[in-house]
1. Starting from the 7 Å offset along Cα-to-Cβ, what nm value, one decimal, do you get for the label separation of N81 and N56?
2. Hey, can you rank 242-250, 92-100, 57-65, 35-43 by average C-beta count inside 10 Å, highest first?
3. How do the peptides 161-170, 68-77 rank, highest first, by the average count of neighbouring beta carbon atoms within 10 Å per residue?
4. Pairs of alpha-carbon atoms within less than 8 angstrom and 6+ residues apart define the contacts here; what relative contact order does the range 1-159 have, in percent?
5. Need the full-extension length gain, Y44 to D175, defined as separation in residues times 0.36 nm minus the C-alpha distance. One decimal, nm.
Amino acid sequence: MLPNFLIIGTARAATDTLYYTLKKHPEICMAKSREVHYFDRNFYKGTKWYEKYFVNCEKKIVGEKTANYLFDTSAPKNIFNTLGEKTKLICVLRNPSERAYSHYTNWIKLGVISKEKSFLDTTKQFPDILEMGKYKNLLDNYLKYFAKNNIKIILFDDIKNKPKDCFAEIFTFLDIRIIDVENRKRNASKEFHRMFGKNFNDNIINKFERILPSTLYRNFVKITKVKSKKLKKEDKEYLDNYFHPENEKLFNFLNKTNIWT
């Protein structure tokens, strides 16, 4: 058994909430791991290895979520060659300025970088922190293989502020029954506490998105006690100016003037 839909990203945009909510739908079977990383890091292991994550999946819709798929340039072709052109893809987008800074503050919490390290210095050391916000360029990699109507764009703000309407759109996209999810939008953090213990043991990997697998959340309780740094005015101005042309390309693609609240 292989999936017929994927959540391809983006990181720091409530994709865990999406995974755990869809997992509760009676017509959906989600991969037993919240981050499989087959089409980016584990593709060489073959489909037999991948199928292990969907054992006993006998439901109408089978899905998998790996937030790095949007950013990995090899993933679109790997997905196309393995699952075919009819595969449905769900992509959650978050204001790229907010997402970049969220990564920065999360790295401080995880101890990847010192709390004394400035945001701008971090972007110089890890340029992917900005590259991941060039959404239209990343989506273009998928449009080489998949039709536009096979890619459902979801906004982070809608998951957070309008979960009922947002998930109704997703269920319609997947052609399954619409169920009430209004009280489920905060389930992700509870699932972390239930599924993972307090042991934090993983190598820090320099590649930007690779520091976010589930093993890095095993000390979730301790991590959440670290106070986040507030976005400085000069950093916000820098980010908004940097992403302005990228946002315009995305807005034109979506035929909207602005999607960030």
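The numbers here are math on the coordinates, done by the rules we state, and not lab data. Computed from a predicted structure; not experimentally measured. Quick reminder, even Gly has a Cβ in these numbers, built from the backbone with ideal geometry, and neighbours come from all protein chains shown.
1. Rounded to a tenth, the inter-label distance reads 3.3 nm.
2. Working: 242-250: 16.6, 92-100: 23.0, 57-65: 18.9, 35-43: 20.9.
Ranking, from highest mean packing down: 92-100, 35-43, 57-65, 242-250.
3. Highest mean packing first, the order is 68-77, 161-170.
4. 32 percent
5. Result: 44.0 nm gained on full extension.
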